[in-house]
Amino acid sequence: MDSPEQPQIYLITPPEIDLEQFPDQMAKVLDGTEIACIRMALSSRDEDHVARVADALREVAHARDIALVISDHVLMAQRLGLDGVHLSDAARSIRAARKELGPDAIVGSFCGISRHDGMTAGEAGADYVSFGPVGATALGDGAFAEADLFQWWSEMIEVPVVAEGGLSDELIRQLAPQTDFFGIGDEIWTAPDPLARLNELLAVMV
């Protein structure tokens, strides 16, 4: 993913998906605003279920010429005809994933709040690096990626950066000048109207 002039939306699916409803819900969001990429971020370890979800979402995404990547499952990405993989182990699997998927696949890396991990991932060939959570949280050890990390990255590093996790209107307003993509997931899927909520978040970037 190339660095855009202003932040674009990197859509993240819910961890649990109802195949009777979600593909249509996602299609409505994709038709209502510009989306750069979609990450299938399922909690399920059931290979058959993951494959069925991937088939449904790939049809929706590719009909609109939008890339669909999957969290961590490198072999599934290849088998299911997806556009790449989002790795959650910082830089450790990037070279292996690139070797498996080839030069044209998207290989992204989640690096938590670690500037060092982000730099290592970029050097290993990641197409983008994501940091988060951005909002303060009681989960894990409570650590979160602060604004100065994104400011430093935008000034010093060319690899595109994604801000994700716990995003609020205020955080999006604050980080818009310093990030290339916002990873948006629960922020909209828990709302009664995901597209309306996404448009509210888009409005505060301007």
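The values are calculated or read from the model by the stated rules, or taken from the named source; none is laboratory data. Model, not experiment: these values are computed from the prediction. Every residue, glycine as well, gets a Cβ built from its backbone with ideal geometry; the counts of neighbours run over all protein chains shown. Heads up: the accessible areas ignore ligands, DNA and RNA and are worked out on the full protein's heavy atoms, side chains in. Shrake-Rupley method; radii C 1.70, N 1.55, O 1.52, S 1.80 Å.
Against the empirical 2.2 N^0.38 Å (N residues), the chain has a Cα radius of gyration ratio of 0.96. Taking one quarter of the surface of the convex hull spanned by the alpha-carbon atoms of region 38-151 gives a direction-averaged projected area of 7.9 nm².
Ordered by 1.4 Å accessible area with all protein chains kept, His62, His86, His49 run largest first as His62, His49, His86.
Only helices enter the 222 nm calculation for the chain: every DSSP H run of n ≥ 4 contributes -39,500 (n - 2.57), and dividing by all residues gives -11500 deg cm²/dmol, rounded to 500.
Taking the accessible area of region 37-174, probe 1.4 Å, and keeping the other protein chains in place, the carbon and sulfur fraction comes to 48%.
Using the Cα centre as the reference, give the magnitude of the dipole from point charges on the C-beta atoms of region 1-117 (Lys, Arg: +1; Asp, Glu: -1; all else neutral), rounded to the nearest 20 debye.
Details: 12 positive and 20 negative charges, 102 e Å.
Using only the charged Cβ atoms, the result is roughly 500 debye.
Tally Lys and Arg at +1 and Asp and Glu at -1 over the other residues with C-beta under 12 Å from the C-beta of Phe22: what net charge comes out? Surrounding charge for Phe22 is -2.
Nearest 20 debye, what's the magnitude of the dipole of the chain about its Cα centre given +1 on Lys and Arg Cβ and -1 on Asp and Glu Cβ? Intermediate results must be reported in sequence, preceding the final value.
Working: 14 positive and 35 negative charges, 85 e Å.
For this selection, approximately 400 debye.
Solvent exposure of the chain, expressed per residue, is 49 Å² of accessible area, with all protein chains present and a 1.4 angstrom probe.
With +1 assigned to the C-beta of every Lys and Arg and -1 to the C-beta of every Asp and Glu, and no other charges, what is the dipole magnitude of region 136-200 about the Cα centre in debye, to the nearest 20? Intermediate values should be presented prior to the final figure.
Values: 2 positive and 13 negative charges, 21 e Å.
That gives region 136-200 a dipole magnitude of about 100 debye.
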